[in-house]
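Engineer: Please find one structure pasted underneath; my questions will follow.
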Amino acid sequence: MEALSNRGRLSLGCWVVAGVPIAASFVQAAIALAGVNALEIPVIGAMTALLQSVAVFDAAAVVFRNSPEALLALFVLVLVGWLAEGGAVFVLRNRTAGLGTAGFVTLFFALFLLVYSPLFGADVPAVELAGFVLVPVVASGASWAAVLTYEWSETLDEETEETLAAAERRADDARDTFDAAIRKRAGERVRERVDTVVPDAVEALDARAASFRADCDGVTDEVAELRSASGVDSRERNQRADQLLATAGDLDGQAAADDALETFRTALADAVRDRFDDVHVVSRYGEAYEVRNVREYAELDLPSLGLTAQVGGNRHDLADRIAAAIDEGTALSDVARAVERADEHLAALKRTIDEHESAVAEATEAAEERLERVAALTESMDGAAGERLSEFLVEGRFDREGADVPSAVGVRERLRTAREDLHACRFDDARRRAEGARDTAEHLVATAEFFANSVVATIEQRVESVPLPPDVDRELAAAMTVPIGRTHPVSATVDEDTVRLRYEDDSVDDDRGAADGPAHQRSGPSVDQTDANVDDVRYLLRELRDGASTSSADDTVELQTDALPERYVTEPLLSAVESLASRRSDVVEVSIPANAPPGFLTVVVADGESPKSVVAELYDEFLDTQRPD
């Protein structure tokens, strides 16, 4: 017989309890029928004497003596039934046989009570009679208990199924409770809103939720596996089912959700303090912005929390206000809306700053590039002329009274002030100063190009005059005549809007010759049989080149005639430019206005050609044709 479990031991105990009165009655009856004096037998004699002292048992002995053979047969049958029950339950482990033998024992106990029914009319105390009757009743009950409490396979399987169903139900309930709590207090929309601020906390919450669901699914999976398992003993299945039920009982969905959400709330509060505690925006120049001065972003209304937070400066309390709401237990959905709104507000603030910074930086970079161009142009000039021009334009040392000549020093000072305005969030002032500095630097480039390119080229070609562009200060031009004379064998003077040049190797008569003399031919040779002056043509071509460099058109360059000095928009001069441009194969059309100004000088280039490149080549070719051999 296999080792018994607790229920098996209980069943065996019940069977033994039922057998004590059965065995005792059988032994007493057998001794009496054999004619042996029971009082002379050790132990049994003492028990017999004790029983005979009880009136009910003494009366029962009288009944037995009246029909000993019948009662002994009855006792034998009860004993056989009891032993058969033990064999059916504990040896054969046959439930049907066990129930049958228990019924057999009960039947013979009933016959026992019927045989001893005369006792109910005998003169014995009622208590003793009740005790006598109770003995077979208890024995019969113990016999049935032995069968019913035994671990029958059928019973274990039913219990196991009930246990598995309970474990599965508890796991499902725990998962549903957990999901409902998470969904109600920190649903998907809440997590999306704060994901940019606390991605780690959101990920941790999702991980904990997945872990708890996995625990619940682990129980249900094991339940399904145990149900379908074959070759597993019923008792082992029952024990594993009990373990699963205990595991499922430990799954507290509400407690797990509360713990996960509290951890998430703490992480959210910490992240809010880290992210929103200080609005610190640093520019590409390495300086922090005074964001409090950006008035439209200085306050943030948080309707979901019913409050208004201050942004930037000493009054900044955005992080503290939101974190306090979290610590006070405000619904996470309301907190998430506030966090999302705060994040968008600060992002918009940074975008605004970036836009203004980009505009200022673009103007600043353009100004710096132009200043580098000015420095390169002044360095390209030889001798005293280059040194003096650098002093005037780069170092800002032109101090003629009443003259307003810009310099690189002044441009850089305006750029510095523009950056100060930028970081103080005075964006309009910063942009105005930066763009003004850029325009001034462009003016410096025009001045430097005039002296480094136009004047020097004119001297190299031994032309006696060069038009003074409107952008070049006349006082500055006058101040440059002396260093130009020191650098080149020429005497320069400024006559209204023209720089006059007299070369040292020219005779006095040539310098004073008529317009059709050799000097005049050098200063203004005809172009295409027109009366256009070479210097004027060069000026007009240069203006056309500069216009092409800033034009956004794909195939057209236009020069507005009413934006030029009147002397450069004469019909002979415009016709000369038209003739020069029309000779190029990559120019398909040239048009000049009649009776200009107003009107446009228009050059249209062929498909696939760059207007900027075509006009630049036209200008360079013209200069090459005018250089002496």
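The values are calculated or read from the model by the stated rules, or taken from the named source; none is laboratory data. Only a predicted model underlies this, so the values are computations on that prediction, with no experimental measurement involved. Side chains included, ligands, DNA and RNA excluded: accessible areas come from the protein's heavy atoms. Shrake-Rupley method; radii C 1.70, N 1.55, O 1.52, S 1.80 Å.
Engineer: What are the residues whose amide H is under 5 Å from the amide H of Val499, where those residues sit 5 or more places off or on another chain and H is modelled from the backbone?
Structural biologist: Val466, Leu468
Engineer: Starting from the eigenvalues of the Cα gyration tensor, five times each then square-rooted, give me the equivalent ellipsoid semi-axes of segment 534-626, largest first, whole Å.
Structural biologist: Equivalent ellipsoid semi-axes, largest first: 19, 15, 12 Å.
Engineer: Expressed as a whole percentage, what fraction of the accessible surface of segment 257-306 belongs to carbon and sulfur atoms when a 1.4 Å probe is rolled over the protein heavy atoms?
Structural biologist: The C+S portion of the solvent-accessible surface of segment 257-306 is 39 percent.
Engineer: Normalised by the number of residues in segment 167-277, what is the relative contact order in percent for Cα pairs under 8 Å and 6+ residues apart?
Structural biologist: This gives 53 percent for segment 167-277.
Engineer: Each residue of segment 324-333 in turn: what ³J(HN,Hα) in whole Hz from Karplus with 6.51, -1.76, 1.60 and θ = phi - 60°, glycine and Pro shown as x?
Structural biologist: Computed from phi, the couplings for segment 324-333 are 5, 5, 5, 5, 7, x, 4, 3, 4, 5 Hz.
Engineer: Find the centroid of the Cα atoms in segment 297-371 and in segment 216-289, then give the distance between the two in whole Å.
Structural biologist: Centre-to-centre distance over Cα atoms comes out at 34 Å.
Engineer: For Glu299, list long-range residues whose amide hydrogen, built 1.01 Å from N in the peptide plane, is under 5 Å from its own amide hydrogen.
Structural biologist: Val311
Engineer: Can you pull the Rg over Rh of segment 330-384, Cα-only, Kirkwood?
Structural biologist: 1.56
Engineer: Right, next: Measure off, as a whole percent, the carbon and sulfur share of the 1.4 Å-probe accessible area of segment 534-626, all protein chains present.
Structural biologist: 43 percent
Engineer: Take segment 167-277, drop everything but the C-alpha atoms, weight them equally and run the Debye formula without solvent; then report log10 I(q)/I(0) at 0.09, 0.19 Å⁻¹ to two decimals.
Structural biologist: The calculated log intensity ratios at q = 0.09, 0.19 Å⁻¹ are -0.33, -0.90.
Engineer: May I pose another question? Please list the non-local residues whose amide H lies under 5 Å from the amide H of Leu307, H modeled 1.01 Å from N, same-chain partners needing a gap of 5 or more.
Structural biologist: For Leu307, whose amide H was placed from the backbone, the distant partners under 5 Å are Leu302.
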